[in-house]
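Written below as structure tokens is the structure these notes are about.
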Amino acid sequence: MTEPTPAITTFRDFNLAEPLLTALDEIGYETPSPIQAQAIPPLLAGLDVLGHAPTGTGKTAAFALPLLSRLDMHDKNVQIMTLTPTRELAIQVAEAYQRYAKHIDGFHVLPIYGGQEYSGQIRQLKRGVQVVVGTPGRVMDHMRKGTLKLNALRALVLDEADEMLRMGFIEEVEWILDQTPKGRQMALFSATMPKEVERIARRHLNDPQEVSIKAKTATAETIRQRYWQVSGLHKLDALTRILEVEPFDAVLMFVRTKTATTELAEKLEARGYAAAAMNGDMIQAQREQMIERLKKGSLDILVATDVAARGLDVDRISHVVNYDIPYDAEAYIHRIGRTGRAGRSGEAILFVAPRERRMLAVIERATRQKITQLELPTTETVNNKRIADFKQKISDTLAGGELTFMQNLVEQYRSEHDVPALEIAAALAKMSIGDKQLLLTPEKERPRSEFRDDRPSTDRKFDKKRRERTLPEPDGDKQRYRIDVGHEHGVKPGNIVGAIANEAGLAGEHIGHISIERDYSLVDLPAGMPRDVLMDLRKVRVCGRPINIEAYGKSEKSYADKSDSKPARSYADKAGGKPKRPYGDKAGGKPSRSYAGKSGSKPAGARPGKPGDKPTRSSAAKDGDKPARPYAGKSGDKPARPYAGKSDGKPARSQAAKSDGKPDRPAKKRLGAHSGKP
């Protein structure tokens, strides 16, 4: 690995273009960060670079400054392109390019991403831009339309490559890389180095210079990490206590679902905080407006999901609160990397339920840092803080002056009503508080957490609607597989597609229907995949969990059992209407080894019948019957339920023939499930 060059102490020690140095002086950048000191020299020399550095370490300047220094301003074609995983990061990187190149005459940069109309982007591309920053999907669309031409491309950057992998963009990225000129310079930066990212680096980078930050921990040392063991008190009440006692500037809170972002933001607003939700349902203009409010200070708390917050870079964020624990350590590292930036200290607080202790240990191993337990502020501590804050407001008001009118009014009231000034002051203080309570009163603690997503899995165990859900049969050339990752692990279809496509070498269009359930998912894949591919796929991890892929139906008795289903065996009735023993009885009431045939017939299946009996493929038939269709009773019977036994002795699940020889009414067929009615 390339080590930082000790001789370089300021940006002026690099051979950067003078307009860039002027801009850096105005911004206030003097000393390069370790990743900048390592990456700028080889990029200035035109070499490829593979950078391994966590978020918030100054990667953008590390690649933008040297590449801008190599621009040919006489060429109006796209010379530099940077791919980012999210729209927010694309905007921020484009703004950084513009900020650094503000003194370069004729410079133009264009962010292109989904959520914007094509017409405006196409218009600017035709006018001419030297730098494009975009998300893989929209960049690929423009390239296919012919509106983004890369004939003159000199440098390509992949920023946060591991995030692109996690979001399922690797196919698009590889397609884009294959269309770019072979002689172009390339830089790849990633916080982590999964095998797929390493594979892309080996294939597309030309003898890259590897640069890396050797940190003692995987997270910034300026971030203090603490956790609170969820117990007794509601999470929301605990959060409010923490916010009351912790001095904070701006807070970024993470929850698992879009619904939870809105719920938590509304509850915090009701408690007097300037809070708002950010999730995938918001249009881009709203998201940009939200980020601007957070930067300017009109918004103090932003509640977001992992996807919505990707690329968010606001120096003002002093606290990151993991209200819902992430499902893998990488997500945790990315989350808390939003604080402790620009030389400031940061605070990371993690809420951990008892069943999530194992994930806490995983996070500690990944960050190589012990996370200390946070002592929840007591009622007394909170009350003392509230009293101190109230007294401070009084002091601030007295210091502000302009109280003459109010003093005269109080004196007038005192003389008219003969009330001591102290009582009048107390009444005014109470008026200023309104209906709110100044002090907390001890309340009964409740063990349940705030949102439905925190319910134990048993809460949904008997949810009838969930059980009645059915899936269409897979296409003829597909087979259905089950993987051990679902909604409660935060998985999205893109995660599944990306992981399977990358490991099995499948194109995205060969992956069929995906159904994400609570703790598992079903996915349709090409039938007949080689065993070695399946063995490799079993080891693939999605959202931090091995998927343990297996053909669906081998280990699952049914996909969706109805709430009224009962064991099918109990419905076999012998003559007289009394319940038969499982798997049918002979007419005499003794159990057979397989099915009951007609009244009086001998058992079929494991034991041979009379000489001359012809075996059937379903229930036992009398001598001379023709072979029945699979799972049917005697000749002429309608098909019985799936899994009815054969005459070869395999046990049936039900469908013992009636003693009167009439066929049973067929059960309604559902995907791997029966109603349980005869």
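The values are calculated or read from the model by the stated rules, or taken from the named source; none is laboratory data. Bear in mind the structure is a predicted one, so any value in this text is a computation, not a measurement. Cβ: placed from backbone, ideal geometry, glycine included. Neighbour counts: every protein chain shown.
Quickly run through the stretch 384-437 and pick out the residues that are of a type in the set (A, V, I, L, M) and farther than 23 Å from residue 272 by Cβ. Even if it seems obvious, please write down each step before you answer.
Here is the first cut: in the stretch 384-437, the residues of a type in the set (A, V, I, L, M) are 387-388, 394, 398-399, 403, 406, 409-410, 419, 421-422, 424-429, 431, 433.
Across the stretch 384-437, the qualifying residues are 398, 399, 403, 406, 409, 410, 419, 421, 422, 424, 425.
So which residues in the stretch 94-130 are assigned to a loop (DSSP other than H, G, I, E, B) and more than 20 Å from residue 153 (Cβ to Cβ), if there are any at all?
Going through the stretch 94-130, the residues assigned to a loop (DSSP other than H, G, I, E, B) turn out to be 101-108, 113-117, 128-130.
Of everything in the stretch 94-130, those that are assigned to a loop (DSSP other than H, G, I, E, B) and more than 20 Å from residue 153 (Cβ to Cβ) turn out to be 102, 103, 105, 114, 115, 116, 117.
Suppose the filter is under 25 Å from residue 341 (Cα atoms), in the same structural domain as residue 188 (by TED's automatic domain parsing) and within 33 Å of the chain's Cα centre (by Cα); does residue 96 pass it?
On the way: under 25 Å from residue 341 (Cα atoms): yes; in the same structural domain as residue 188 (by TED's automatic domain parsing): yes; within 33 Å of the chain's Cα centre (by Cα): yes.
Taking the combined requirement at face value, the residue satisfies it.
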> Looking at the stretch 239-252, is at least one residue within 30 Å of residue 541 (Cα to Cα) and under 24 Å from the mean Cα position of the chain (by Cα)?
Replying inline: yes
> Name the residues in the stretch 29-75 that are part of a loop (DSSP other than H, G, I, E, B) and among the small types (Gly, Ala, Ser), would you?
Replying inline: 33, 45, 46, 53, 56, 58
> When residues of the stretch 244-260 are filtered for being in contact with a Leu (Cβ under 8 Å, 6 or more places away or on another chain) and not β-branched (Val, Ile, Thr), how many remain?
Replying inline: 3
>> Take residue 358 and tell me if it is assigned by TED's automatic domain parsing to the domain that holds residue 247 and buried (at least 21 other Cβ atoms within 10 Å of the Cβ).
In response: no
>> Cβ-Cβ distance below 9 Å, separation of 6 or more or different chains: which pairs start in the stretch 169-194 with a residue that is closer than 12 Å to residue 139 by Cα and end on one that is of a type in the set (Asp, Glu)?
In response: 169/163
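This table checks each residue for (1) closer than 27 Å to residue 201 by Cα; (2) touching a residue at least 24 places away in the same chain (Cβ under 8 Å); (3) surrounded by fewer than 18 Cβ atoms within 10 Å (Cβ to Cβ).
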{"residue": "43", "(1), (2), (3)": "yes, yes, no"}
{"residue": "61", "(1), (2), (3)": "yes, yes, no"}
{"residue": "68", "(1), (2), (3)": "yes, yes, no"}
{"residue": "83", "(1), (2), (3)": "yes, yes, no"}
{"residue": "101", "(1), (2), (3)": "no, yes, no"}
{"residue": "118", "(1), (2), (3)": "no, yes, yes"}
{"residue": "123", "(1), (2), (3)": "no, no, yes"}
{"residue": "131", "(1), (2), (3)": "yes, yes, no"}
{"residue": "142", "(1), (2), (3)": "yes, yes, no"}
>> Looking at the stretch 359-385 only, could you name the residues that are on the phi < 0 side of the Ramachandran plot and in a loop (DSSP other than H, G, I, E, B)?
In response: 369, 370, 371, 374, 375, 376, 377, 378
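Looking at this structure, is residue 91 assigned to a helix (DSSP H, G or I), modelled with pLDDT under 90 and in contact with a strand residue (DSSP E or B) (Cβ under 6 Å, 6 or more places away or on another chain)? Step through it out loud before you land on a result.
Details: assigned to a helix (DSSP H, G or I): yes; modelled with pLDDT under 90: yes; in contact with a strand residue (DSSP E or B) (Cβ under 6 Å, 6 or more places away or on another chain): yes.
In short, yes.
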>> Can you find, within the stretch 512-557, the residue that is surrounded by the fewest Cβ atoms within 10 Å (Cβ to Cβ) among those that are aliphatic (A, V, I, L, M), more than 20 Å from the chain's Cα centre (by Cα) and at pLDDT below 85?
In response: 535
>> Please go through the stretch 148-168 and give me each residue that is in contact with a Gly (Cβ under 8 Å, 6 or more places away or on another chain) and over 24 Å from residue 212 (Cα atoms), ordered by number.
In response: 168
